[in-house]
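K.L.:
Below you'll find the structure I mean.
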Amino acid sequence: MGIMAITMARMATMVGIIAEAMEGTMVATTMPAFFSKKMSRTPVARPAKKMHRCLVRQAPSSECNEPNFFTKYTNKTTRDSANFINFCTGEQLTNGAQGRTPGSGPFCNGIPMGEIPDRTNMVSSIITSPTFGTTLQVGQAFDITVKVRGLAAGTFTNPDLTYYAAPQQLNNRGQILGHTHVTVQLLDAVDTKNIPDPDKFEFFKGINDAGDGRGTLKASVSNGLPVAGTYRVCTMTSAGNHQPVLMPVAQRGAQDDCVRFIVGAANNGGNNGGNNGGNNGGNNGGNNGGSNGGNTGGNTGGRRGKNRNPRRSYLWRA
C-alpha cells in the first residue's frame, strides 16, 4: 500500500507538471503585438521615391560629372511581391479609351505587358516610299509603303474601346500580333533643330491589314498634302491593342523608321523649281529670289522661289 501511495503521488505530480507545461504552451501561442502587426493585411504607406541627387540637381557638378555616372543605374527599380497587381489603385484607369481630351490625364493602365518575342523575332521596319529627298507636288496623291519583319500584321482592335486593353500576344511562330501606323508631320526645314509638336500632323493612318503577306504594308494619301514644305513620315509599330511593341533586349536596332521628303517649293527652291542651278541663275541664285535655285528647271524646287513654309496643320482622316 505504501509503495502504491508513493506511486500515486508521483503520478499526480507528473500530471501537474504536464498541465503547467500545456498551460504555458497555450499562453505562448498567443501572438505578441509586434508579430500580429507584421501579419496585418492593412497596407503600409510607402516612402516617397527618392531620385539620385544628380538627377534633381542637388549634388555638386564634380559628383555628377564622374566618368561612370551615367553608365550606372541612376534609379533603383520599384518591386512588388504581388507583381504590381494593385499598382493602379486610386488612379484614373484607361479602361480601353484614349485620353483625347487635353488635361484629362494622367492615366494608369494595369494590364500586364504580355508575351515578348525571342530576339530572333524582333520587329524592324524600313520605309520604301517616299524615299529620302523625294519631291512631290502640292495635292499630289502618293503611297506610303513600309517593309516590316518580325510582325504578324493584320491584328487591329477597336481603338475607341480597346486601347491598351489587352497584353501583347504572339502567334504560333513567335511573332507579335499587331499592326503599324504611319504619320506625316510638317517641319520648318530639312535640317531643323526644332522638335515637332506630337499633337500636330498632316496625315495619320493605322494600317489594319496584312499587306502583301511578305511584310510590305501600304497607306494611300489620296489627296496629297496641301502645303509646300519639308515633311517627315514615320512608322509607329504596335501590338494588337495599339501599345508600342515590346522587345526582349534593350540594345538593338529601332523597330521604326522615319524619312524626310519635300512637297512643292520647300526652302531650297528657285523660280519654277530650280535645284542648285538652272538657266539664267547659276548656283545659289536664280530669278525672283530663289534660294539655292535657278530659273526654270531642276528637281527639288519651289514655285516662284518664295521660300514658303507656313506652319499649318491639317488633320487628314483616312
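K.L.:
Looking for whichever is small (Gly, Ala, Ser) and on the phi > 0 side of the Ramachandran plot here; the options are 253, 215, 206. Which one fits? Working first, answer last.
P.N.:
On the way: 253 fails: on the phi > 0 side of the Ramachandran plot; 206 fails: on the phi > 0 side of the Ramachandran plot.
Step by step, each of 253, 215, 206 is checked, and only 215 is small (Gly, Ala, Ser) and on the phi > 0 side of the Ramachandran plot.
K.L.:
Here is a further query. Among the residues of region 207-248, which ones are farther than 29 Å from residue 169 by Cβ, open to solvent by less than 40 Å² (accessible area, probe 1.4 Å) and small (Gly, Ala, Ser)?
P.N.:
Selection gives 224, 228, 229.
K.L.:
Only one of 116, 126 is within 21 Å of residue 234 (Cα to Cα), among the hydrophobic types (A, V, I, L, M, F, W, C) and at pLDDT 95 or above; which? Steps first, please.
P.N.:
On the way: 116 fails: within 21 Å of residue 234 (Cα to Cα).
Just a single option satisfies the conditions, and that option is 126.
K.L.:
If you take the residues of region 164-200 that are touching a helix residue (DSSP H, G or I) at 6+ places or on another chain (Cβ under 9 Å) and outside any loop (DSSP other than H, G, I, E, B), which of them is surrounded by the fewest Cβ atoms within 10 Å (Cβ to Cβ)?
P.N.:
For region 164-200, the residue satisfying everything is 170.
K.L.:
For region 102-121, does any single residue satisfy the condition of being of a type in the set (A, V, I, L, M, F, W, C), more than 17 Å from the chain's Cα centre (by Cα) and open to solvent by less than 60 Å² (accessible area, probe 1.4 Å)?
P.N.:
no
K.L.:
Among the hydrophobic types (A, V, I, L, M, F, W, C), open to solvent by 30 Å² or more (accessible area, probe 1.4 Å) and assigned to a strand (DSSP E or B): is that true of residue 144 in this structure?
P.N.:
Against the criterion (among the hydrophobic types (A, V, I, L, M, F, W, C), open to solvent by 30 Å² or more (accessible area, probe 1.4 Å) and assigned to a strand (DSSP E or B)), residue 144 does not qualify.
K.L.:
Right, here's the next one. On the basis of being outside any loop (DSSP other than H, G, I, E, B) and of a type in the set (Gly, Ala, Ser), does residue 125 make the cut?
P.N.:
In short, yes.
The values are calculated or read from the model by the stated rules, or taken from the named source; none is laboratory data. Only a predicted model underlies this, so the values are computations on that prediction, with no experimental measurement involved. Every residue, glycine among them, receives a Cβ derived from its backbone with ideal geometry; neighbour counts consider all protein chains shown. SASA here: full protein model, heavy atoms, side chains in, ligands and nucleic acids out. Shrake-Rupley method; radii C 1.70, N 1.55, O 1.52, S 1.80 Å.
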